[in-house]
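Written out below as structure tokens is the structure these notes cover.
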Amino acid sequence: MQMRSFGQSIKRKEDPAFLTGKGRYVDDIELPNMAHAAFVRSPLAHAKIKSIDASAARAMDGVIAVITYHELPETLRQRRLPLVVPVESLTNPRLPYTLARDEVCYVGEAIAIVVAENRYIAEDAVAQVMVDLEPLGVVADCRAGLLEGAPRSHLGADSNIAATMPSVTGDIDAAFSNARHVFKESIFQHRGGAFFMECRGAIAHYDQFSENLLVYVSSQGVHRIKRSFHELFDIQDSKLRIVTPDVGGGFGPKGSYYVEYGAVAAASMATGRPVKWIEDRRENFVATHQERDQYWDVEIAVDENAKILGVRGTLTHDNGAYTPWGIVLPWISVATVPGPYVIPAYDMTLISVITNKVPTTPVRGAGRPQAVFVMERLLERVAKELGLDPAEVRRRNFIKPEQMPYDVGVIFRDGRPVVYDSGDYPKCQEVALEAINYEAFAERQKAALSEGRYIGIGIGNAVEATGLGPYEGVTVRIGTNGNITAYTGATPQGQAHKTTLAQIVADHFGVSIDAVTVETGDTSNISFGIGTFASRTAVNAGSSAHLAGQAVATKVREIAAQLLEVEPDDIELTDGVARVKGPSNRFKTLRELAVYSLGKPGFSLAPGMTPGLENTAYFTPTQSSYANGTSVAEVEVDVETGRVHINRLVMSHDCGRVINPMVVDGQVVGGVAHGVGNALFERMVHDDQAQPLSTNFGEYMLPLAADVPRVEIHHQETASPNNPLGVKGAGEGGTIPTIVAIVNAVANALAPLGVHIAEAPLSPQRIIQLIDEAKARSVA
Amino acid sequence: MKPSPFTYHAPTTTAELTELLGTLDDVRIIAGGQSLMPMMNFRFVQPGHLIDLNTVGGLAYVDVQRDFIEIGASTRQRFLQRSQDIAKHMPIVGEALSHVGHRQTRARGTIGGSLCHFDPSAELVNMAALHDAVLTLTSVDGDRSISFGEFGLGFLTTSVQPNEFLRSVRLARWPEGHGYGFEEFAMRHGDFAICAVSCLMTLDDRGAIDRLAVAVSGVSETPVRLTEMEGRLRGTMPDAGTATDLAAAAGDIEAMSDAYITSDYRSHLARVITRRAFTKATERADQRVRA
Amino acid sequence: MKDLRTISVTVNGTPYSREVETRRTLADFLRLDLKLTGTHLGCEHGACGACTVRVEGEAVRSCLMLAVQTNGKSVATVEGLAKDGKLTPMQNQFWEKHGLQCGFCTPGILMTMTEFLEENPDPTESEVRDALSGNICRCTGYQAIVDAVLATAAQARGEQ
């Protein structure tokens, strides 16, 4: 096999369409006779629905239907949304109906769907639907929800706790009782939402003649959406098709099945027309899943040499009002804390609390940034207390490459033990430190301080489970016109799958990626699929593309060999033809071979060979592939205003073998920017009645071009032994260690002022408060 | 997020405009639309009638007079940014404008729209306060000119009557070579200022302050001129001590708080930013200039 | 009771005459009436810049203008950039430098930065970042966009 494309920074196949306005996102699809929907949503965080009067709205010109819970199809009135990831410790699962029946549990919960001739009229009509709500007690904060006498976030609930789950390894009591030092931290972390630029959207087209339901939806995976439709609607498998066109960003929350999708389908069934719903940004702020608050009470035990003996504590997690993903998010957090360090004993209990806020599901990083934050802040504390260099404390505790594979001792959210497969963590940190000239930083800091400038440096190290199973499939097919097409259930949202998967397939046929088309996001293209999230597509779909491509190439060789009367090994595939190796110019084109493969008079396939140049592979990894990275930030803090300026940000990153370096760099840089947002800008503010206040881009602050640093990337490539390509995921690695690297750098800059930081994000105002608190402490 | 229905009017003359204003109820005037359109898209504002100022001729101009510059209400922010007259005679306005939104919003946003919206942290509102603006309001009954103090009543509130529109604003000129400094603190480039401070200064032969104007905005519901200090500091040398006194006065302004920013932090920033604006103005003040 | 107007607008050099409801935004007019779906709506409150088009040459937010306000005016959208299938130098640099991922914010950024370079053909990185700060991109971290814009400018100056 010639390696022509794999490993090369090839320009993306996706781009010419996107650059010329020819992208096809769900809102760009127009079906004949299509109607438009808008939702009536709860203005209160917790309330009983006393009555709904839609008569005025229904009477309006251009309004086609107003559907409440009571007008839904019977199955939707009977069934709540499915629980995607059930686990035993989730003792109090909560799932919504498609439209609220008698209780609303967060601001933004859908109560009714209005269908009209256009979106303008639909919004006019939404304002005319009168909903009589009786306010109920609100759980606006996860810790408040645990207090005795706290209101219940759902009527009739015994408790606000969704789940309690310990993660334990080693002898934690011994570790702490024998420790020379124990340090305790209470850490608060808030992460906001995904805030992809294309809001969610769906078009349902129910054909009453054929009883086919076609749903276009902006998603991260069509097959799981289809599964949810099957749970909710009694519809023939053959009659249900889910299609995801181009997607304007996902970052996790577009992976969920949402109530709006079923409501739009029900609306199409009720009206006999295709119905489009495009989420607007105000809805996006209240109805798309987010991440939110985590409170960590943790302590670390170390010996006199700063070697970690144990880490223990609790994580209190704000889950929001419903649990579609169970405890996936806090579980990932808890399993990620140990990171690249040897931690002989670990005991972390997660408590997931149901509050009256929009549900949480993973956002880029998926609970890992918080975990890394906890571990890296603890190590900073150790360094400070023991008077050691923070980098040195980490060096003393790294898992060494020769310890691979390394069993951390805890269980990941896929139910499998966390066993790191590969990686050189000490080297990863050293590369980053060297790039930023860490050794000389103390001098720089001293010089700056003498000028009254506060600069600081911070490190974040992370190990990330990527390539989550159970599988992803790819079908590679050569049509009778010679076209090579790869079909997959992995559904891209900007990650360049149509390029990177083409690179993998193209190499098997010795063609350029232009000769390979990748089709994604259509349940009619491939039988099964999971989707694109959890940095899983390169590992799962990439490996399947490799295996399927390899199988088809083998078949091509075999048929060509039969026709050309040589051995398959004598055939090489280049430039779209199967050629006999050597000087003779004997070959068959892929087009000819595709026709032969379907049978031709006078030609029989070899015994046992199935017809068609086609193969489907479902690669199923035995466990996650563990990527790792070090983020080092150098910042300057204006101690008068509290503003943080990131002077430099170096990212040392190991995602195994790299399919397309340019694409991976893009993923890493974009991920870092997300981390900058989480460290310094993004905060979803609610009032004490859980009313979301930050519901526009003026108040919820995404980082802008002038706010993010230039990222300097250094790649290691430690091949994963867990998949045939040696790849690991790259989509989240930029985000995960960056938040704490920035916060550590701020803490380092402000160390001369005695400031202690145990939270993120850090606003300028908060930094001034922390400085003032430190001053007050030093005076006292 | 689509606007609710309204009746649209596109007058071409001020006479037509005042006629409409005099006869219609439930009216909003749309100028650049960069604040009004978002509020309409969110349906926070649902006017029955929308009157477009953009079709009215003769309202976009910069006219430099001896004592003031008159700016037509429909003059776009970007036009002001590119104006050589503004750059030459009122350089601080150019500095302030670079903080107003983004290039796409400055392409539409107008000075009159910004003033009538009267966001307390808006840079152009600050400029009007700083330059002792005189605003001309027009109705079917004719023109009336009012001071900035009479114009701005409070948070998003002006004294423009329902039958009036803002025709133009006059900003008082300062002598060539005056010192100026505009500083603001916003979370990100282009965001509304949490605190913005502008400072104009002339020095006498000794280098002492001859004339001073300082406007602090974002801190309270309208921009605040530090009038008392402006008078008291006349004749003093613009040094660190002066800056500290001025900063203290800014810090004494009663500060707003909201879900994001405390009054303490606003006051803190008012002190810091005032000192910085004053220092910058001092550095730029040409000592040969007499008032 | 619908308030309707007939407007004449030239979009990407082609004249159109359409009857529109006066509350229709320019963005919706382009997308729904003219089927020019390359202009995207990312926030509808003038913050994200995805809907940026040029009206009479100036880059503006098309979610904050009414279609009626473009009567008699010329509008340019992303569909008008490439001519005869040939990408503009900036489009090419975005492709070369990986200046886009999901592509949703890209049309607005291209319209903004094309105008910016006409005004400032030799910008610093910091000027590019300032000019870009009215457009939100959640995918790229902006770096590759900045590089693409700088490379376009350098190319136009004959430096590449």
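Annotations
- Hits in the range A:626-679 - residues which are more than 24 Å from A:Ile767 (Cβ to Cβ), under 16 Å from the mean Cα position of the chain (by Cα) and among the aliphatic types (A, V, I, L, M): A:Ala627, A:Val664, A:Val668, A:Val669
- Residue in the range C:106-118 that is within 11 Å of chain B (Cβ to nearest Cβ), assigned to a loop (DSSP other than H, G, I, E, B) and at pLDDT 95 or above present: no
- Residue satisfying all of: in the range C:1-20; surrounded by fewer than 16 Cβ atoms within 10 Å (Cβ to Cβ), part of a loop (DSSP other than H, G, I, E, B) and within 14 Å of chain B (Cβ to nearest Cβ); modelled with the lowest pLDDT among these: C:Met1
- When the test is whether a residue is away from chain C (no Cβ under 14 Å) and either in contact with a helix residue (DSSP H, G or I) (Cβ under 7 Å, 6 or more places away or on another chain) or at pLDDT below 95 (or both), B:Val56 does not pass it.
- Test set (1) on the phi < 0 side of the Ramachandran plot; (2) among the aliphatic types (A, V, I, L, M); (3) buried (at least 24 other Cβ atoms within 10 Å of the Cβ) - A:Ala366 fails condition number: (1)
- Taken over the range A:436-448, the criterion of being of a type in the set (A, V, I, L, M, F, W, C) and over 20 Å from A:Val743 (Cβ atoms) is satisfied by A:Ala440, A:Ala447.
- Number of positions in the range C:60-74 that are more than 13 Å from chain A (Cβ to nearest Cβ), hydrophobic (A, V, I, L, M, F, W, C) and over 17 Å from B:Arg103 (Cβ atoms): 1
- Every condition in (1) in contact with a Ser or Thr (Cβ under 6 Å, 6 or more places away or on another chain); (2) of a type in the set (A, V, I, L, M); (3) part of a helix (DSSP H, G or I) is met by A:Val393 except one, and the failing one is (1).
- Any hit, the range B:67-76, residues being among the basic types (Lys, Arg), within 10 Å of chain C (Cβ to nearest Cβ) and over 20 Å from B:Ala133 (Cα atoms): no
- A:Trp296 vs. criteria more than 30 Å from B:Pro3 (Cβ to Cβ), out of contact with any strand residue (DSSP E or B) (no Cβ under 6 Å at 6 or more places or on another chain) and not in a loop (DSSP other than H, G, I, E, B): no
- Taken over the range A:3-37, the criterion of being of a type in the set (Asp, Glu) and either in contact with a Lys or Arg (Cβ under 6 Å, 6 or more places away or on another chain) or more than 7 Å from every other protein chain (Cβ to nearest Cβ) (or both) is satisfied by A:Glu14, A:Asp27, A:Glu30.
- A single member of A:Tyr106, A:Tyr120, A:Tyr97 is surrounded by 16 or more Cβ atoms within 10 Å (Cβ to Cβ), aromatic (Phe, Trp, Tyr) and in contact with a Ser or Thr (Cβ under 8 Å, 6 or more places away or on another chain), and it is A:Tyr106.
- In the range B:174-191, residue nearest to B:Arg266 (Cα to Cα) [restricted to those that are away from chain A (no Cβ under 14 Å) and touching an Asp or Glu at 6+ places or on another chain (Cβ under 6 Å)]: B:Phe182
- Filtered by the rule that a residue be surrounded by 24 or more Cβ atoms within 10 Å (Cβ to Cβ) and aliphatic (A, V, I, L, M), the range A:351-363 gives A:Val353, A:Ile354, A:Val358, A:Val363.
- Taken as a whole, the condition of being modelled with pLDDT under 95, assigned to a loop (DSSP other than H, G, I, E, B) and more than 30 Å from A:Ala730 (Cα to Cα) applies to A:Pro583.
- Top-ranked residue of the range B:7-29 - restricted to ones that are at the interface with another protein chain (Cβ under 8 Å from one of its Cβ atoms) and in contact with a helix residue (DSSP H, G or I) (Cβ under 8 Å, 6 or more places away or on another chain), ranked as farthest from B:Ser168 (Cα to Cα): B:Tyr8
- The range B:84-98, residues that are within 14 Å of chain C (Cβ to nearest Cβ) and surrounded by 22 or more Cβ atoms within 10 Å (Cβ to Cβ): B:Leu97
- Considering each residue of the range A:239-261 in turn, none proves to be touching a helix residue (DSSP H, G or I) at 6+ places or on another chain (Cβ under 6 Å), assigned to a helix (DSSP H, G or I) and more than 20 Å from A:Tyr700 (Cβ to Cβ).
A quick yes/no check of all residues on (1) assigned to a helix (DSSP H, G or I); (2) surrounded by 19 or more Cβ atoms within 10 Å (Cβ to Cβ); (3) among the polar types (S, T, N, Q); (4) not assigned by TED's automatic domain parsing to the domain that holds B:Asn126:
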| site | (1), (2), (3), (4) |
| --- | --- |
| B:Gly207 | no, no, no, yes |
| B:Asp210 | no, yes, no, yes |
| B:Ala215 | no, yes, no, yes |
| B:Val219 | no, yes, no, yes |
| B:Met229 | yes, yes, no, yes |
| B:Ala248 | yes, no, no, yes |
| B:Ala255 | no, yes, no, yes |
| B:Ile261 | no, yes, no, yes |
| B:Arg271 | yes, yes, no, yes |
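- Selection count where residues are among the charged types (D, E, K, R) and crowded, with 24+ Cβ neighbours inside 10 Å, scope the range C:59-108: 1
- Listed here are the strands (runs of 3 or more DSSP E) enclosed by the range A:607-658 that have at least 3 residues being closer than 20 Å to A:Asn461 by Cα and at pLDDT 95 or above: A:625-637, A:644-654.
- For the range A:540-591, residues that are basic (Lys, Arg) and either buried (at least 24 other Cβ atoms within 10 Å of the Cβ) or within 24 Å of A:Thr475 (Cβ to Cβ) (or both) total 4.
- If the condition is being under 16 Å from the mean Cα position of the chain (by Cα), of a type in the set (Ser, Thr, Tyr) and at the interface with another protein chain (Cβ under 7 Å from one of its Cβ atoms), then the range C:21-38 contributes only C:Thr37.
- Qualifying residue in the range A:457-476 (condition: of a type outside the set (Phe, Trp, Tyr) and within 14 Å of another protein chain (Cβ to nearest Cβ)): no
- Remark: B:Gly113 falls outside the filter, which requires a residue to be over 10 Å from the mean Cα position of the chain (by Cα) and either surrounded by fewer than 23 Cβ atoms within 10 Å (Cβ to Cβ) or hydrophobic (A, V, I, L, M, F, W, C) (or both).
Each row is one residue, and each column tells you yes or no for (1) in the same structural domain as A:Phe587 (by TED's automatic domain parsing); (2) more than 16 Å from A:Val577 (Cβ to Cβ); (3) of a type in the set (Val, Ile, Thr); (4) touching a Gly at 6+ places or on another chain (Cβ under 7 Å).
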position	(1), (2), (3), (4)
A:Gly521	yes, yes, no, no
A:Thr537	yes, yes, yes, no
A:Asn540	yes, yes, no, yes
A:Ser543	yes, yes, no, no
A:Arg557	yes, no, no, no
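- Checked against the criterion of being farther than 24 Å from A:Arg453 by Cβ and within 14 Å of chain C (Cβ to nearest Cβ), the candidates A:Pro703, A:Pro661 yield just one match: A:Pro661.
The values are calculated or read from the model by the stated rules, or taken from the named source; none is laboratory data. Keep in mind that what you see is a predicted model, and the values were worked out from it rather than measured. With ideal geometry, Cβ positions are generated from the backbone for all residues, glycine too; neighbour counts draw on all protein chains shown.
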